[in-house]
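**Student:** First, the structure itself, so that you have it in front of you.
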Amino acid sequence: MKPTTLRLFVIFCLIVSGAQLRAGEITSAEVKHKGNDYWLNLTMELEVGQEGMLAVLTDHENYRQLSEVMLESSVIAGAPENQTRRRLVVKTCVAFFCFEVTMVEDVEQFADGRIVATMLPDASDFDYGRTEWHVIPLGPGQSKLDYSFHLQPGFWIPPAIGPFFLKRKLIREAEKSILRMEALAKGADSTNP
């Protein structure tokens, strides 16, 4: 059994985190579930500029530092032109259910501040996965992050682990990650005072 969906939720939420002086803030969060499909949409206001946040989100070799649930992060060969192929391994627990999942994604960065990751099902524990980050500058040392994903796990998830538990876990992990990500991004942001 490969409990990948919950881990992806937690990992991606964690990837959207961090601050030292004033913490980033989640302004909206929504988790949806239908059949074997899961969707997450988060909007956050961050105390770090676009440049720093994009530097952290594209540092694929060091994604482990974004979350304590992330066990491995690496860049692997085989990506299409102008993309990066990365492999992530995450381990987490929701209520009584713990799992470890592997995700292999092709990641593309766009000039408008968007980063899109598309899951490779044959190499991952998911049948489908697409994640998008959009970092929008709000002013010097400030940005907004719109984060979303649509995942379809390739494994069974116990019915007791429903959207209610997932949402609580995802939001809690996202809040922790906001602090960590902002702290890392501040060091990479040349617009930060």
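**Student:** Starting from residues that are over 18 Å from GLU182 (Cβ atoms) and part of a helix (DSSP H, G or I), keep the ones in region 59-76 and report whichever is nearest to the chain's Cα centre (by Cα).
**Tutor:** Ranking the candidates gives HIS60 first.
**Student:** If you don't mind, there's one more thing I want to ask. State which residue is nearest to LEU71 (Cα to Cα) when the search covers only region 89-128 and only residues that are assigned to a strand (DSSP E or B) and among the charged types (D, E, K, R).
**Tutor:** Among those residues, the one meeting the criterion is LYS91.
**Student:** Would you point out the residue of region 9-31, among those that are assigned to a loop (DSSP other than H, G, I, E, B) and within 14 Å of the chain's Cα centre (by Cα), that is modelled with the lowest pLDDT?
**Tutor:** If we take residues in region 9-31 being assigned to a loop (DSSP other than H, G, I, E, B) and within 14 Å of the chain's Cα centre (by Cα), then GLY18 is modelled with the lowest pLDDT.
**Student:** Before we move on, is HIS134 modelled with pLDDT of 90 or more and either small (Gly, Ala, Ser) or closer than 17 Å to GLY113 by Cβ (or both)? I'd like the intermediate steps shown before the answer.
**Tutor:** Working: modelled with pLDDT of 90 or more: yes; either small (Gly, Ala, Ser) or closer than 17 Å to GLY113 by Cβ (or both): yes.
Spelling it out, HIS134 is indeed modelled with pLDDT of 90 or more and either small (Gly, Ala, Ser) or closer than 17 Å to GLY113 by Cβ (or both).
**Student:** Can you find, within region 32-46, the residue that is nearest to the chain's Cα centre (by Cα) among those that are surrounded by 21 or more Cβ atoms within 10 Å (Cβ to Cβ) and either at pLDDT 85 or above or not aliphatic (A, V, I, L, M) (or both)? Steps first, answer last, please.
**Tutor:** Keep residues of region 32-46 that are surrounded by 21 or more Cβ atoms within 10 Å (Cβ to Cβ), which gives 38, 40, 42, 44, 46.
Then drop every residue that is not either at pLDDT 85 or above or not aliphatic (A, V, I, L, M) (or both), which leaves 38, 42, 44, 46.
Numbers: TYR38: 14, LEU42: 10, MET44: 13, LEU46: 15 Å.
In this case the residue turns out to be LEU42.
**Student:** Could you please find all residues in region 48-58 being in a loop (DSSP other than H, G, I, E, B) and crowded, with 23+ Cβ neighbours inside 10 Å?
**Tutor:** Within region 48-58, VAL48, GLY49 qualify.
**Student:** Checking PHE126 against (1) in contact with a Ser or Thr (Cβ under 8 Å, 6 or more places away or on another chain); (2) modelled with pLDDT of 95 or more; (3) among the aromatic types (Phe, Trp, Tyr): exactly one of these is not met. Which one?
**Tutor:** (2)
**Student:** Still on this structure, please answer the following. Answer yes or no as to whether VAL90 is closer than 20 Å to ARG180 by Cβ and buried (at least 19 other Cβ atoms within 10 Å of the Cβ).
**Tutor:** yes
**Student:** Is it the case that GLU68 is farther than 19 Å from LYS169 by Cβ and either of a type outside the set (Ser, Thr, Tyr) or exposed (fewer than 15 other Cβ atoms within 10 Å of the Cβ) (or both)?
**Tutor:** no
The values are calculated or read from the model by the stated rules, or taken from the named source; none is laboratory data. Everything quoted here is computed from the prediction, not taken from an experiment. When we count neighbours, we look across all protein chains shown, and the Cβ atoms used for this are built from the backbone with ideal geometry, even at glycine.
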